2 protein chains.
Amino acid sequence: MLRRDATTHWEGDLMSGKGSVLLETSRAAEFGISFGSRISESGGHTSPEELIAAAHSACLAMNMSRVLATKRLVATSIDVNAAVTLDRAQGGGIDISRVALTLRAVVPAVSAERFHDLATLAALTCPVSRALTGTIVTLDADLEGRYPR
Amino acid sequence: MLRRDATTHWEGDLMSGKGSVLLETSRAAEFGISFGSRISESGGHTSPEELIAAAHSACLAMNMSRVLATKRLVATSIDVNAAVTLDRAQGGGIDISRVALTLRAVVPAVSAERFHDLATLAALTCPVSRALTGTIVTLDADLEGRYPR
């Protein structure tokens with residue numbers, strides 16, 4: 001059992017207030033945040049949705065390498081994009097309506113069909129996917145490059 | 001409708017491989033990641049779990065300011081810690097088993113009871129909480145400071 005912490009400090013109301021988010025365990029970064037940069041142009045500011053995207057893309061990339069290993073396959077490279085969509089919710093709030101995952105990998109000695117099956121398994125079993133069951137998660141996976149098989 | 005992207009590049013297997021995560025929309029940061037720093041000492045590296053914690057703490061802080069505003073209340077300050085617990089999953093993988101939220105706020109002219117109700121509503125309705133229905137989310141909320149009421 002292991003714990004990872006982050007903290008946010010906020011002052012003021014939603015529209016004119018502002019805050020900062022600290023990656024507390026690693027101290028890898030501290031970010032300024034505001035609601036305006038969350039729901040319109042980012043202006044160089046991160047947001048809860050971009051941080052969810054980062055968590056999900058990192059989790060899937062690692063899990064894909066794990067799933068490949070169960071078939072004695074090793075990726076030369078794995079690239080994962082996560083696109084989180086924020087929509088207006090019923091009742092006027094906002095809603096994370098979708099996470100679209102795009103995975104491209106260079107994997108020697110695997111067929112396209114096998115690869116698709118393994119990528120689907122990786123997306124279904126990654127810990128972040130299993131936590132994010134309150135939103136829709138989609139996967140577009142393809143091999144990149146050509147290898148003898 | 002609005003989109004936030006992040007990307008991860010990974011090379012190699014799970015245990016000895018390594019990667020990097022880019023906050024693609026804002027370009028606010030790029031992080032090195034590894035599985036070793038995810039499941040033992042962070043060594044200054046972030047992880048999917050810490051990024052989820054960051055997303056959740058930021059989301060709750062903003063949503064608390066929104067919920068307070070519906071009662072014409074404005075927080076002088078809101079501090080939210082999110083602690084994400086990673087456990088061994090059944091079958092040998094890893095699992096995000098819990099997100100423990102701790103909220104402390106300075107809010108003039110609100111009773112402790114009213115404040116608890118509003119904090120609970122904020123935690124239940126924040127978009128990240130509503131997306132993270134695959135894990136357990138707990139809330140510990142208290143007023144900080146004393147105000148005439």
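No lab work stands behind these numbers, since they all come straight from the coordinates. Just so it is clear, the structure is predicted and the values come from calculations on it, not from any experiment. For neighbour counting, all protein chains shown are included, and Cβ atoms are generated from backbone atoms with ideal geometry for every residue, glycine included.
Each Cα pair under 8 Å and six or more residues apart adds its separation to the average, and for chain B the resulting relative contact order is 17 percent. Where both partners of a DSSP beta bridge lie in chain B, what percent of those bridges are antiparallel, to the nearest 5? Of those bridges, close to 75 percent are antiparallel. Placing a label point 7 Å from the Cα of A:Asp142 along the Cα-to-Cβ direction, the distances to the matching points in the other copies come to 5.5 nm, shortest first. Net charge of the neighbourhood of B:Ser16, taken over other residues with C-beta under 14 Å away and scored Lys/Arg +1, Asp/Glu -1, is +1. Counting from the shortest, the label point at B:Gly92, 7 Å from Cα toward Cβ, is 5.3 nm from the same position in each remaining copy.
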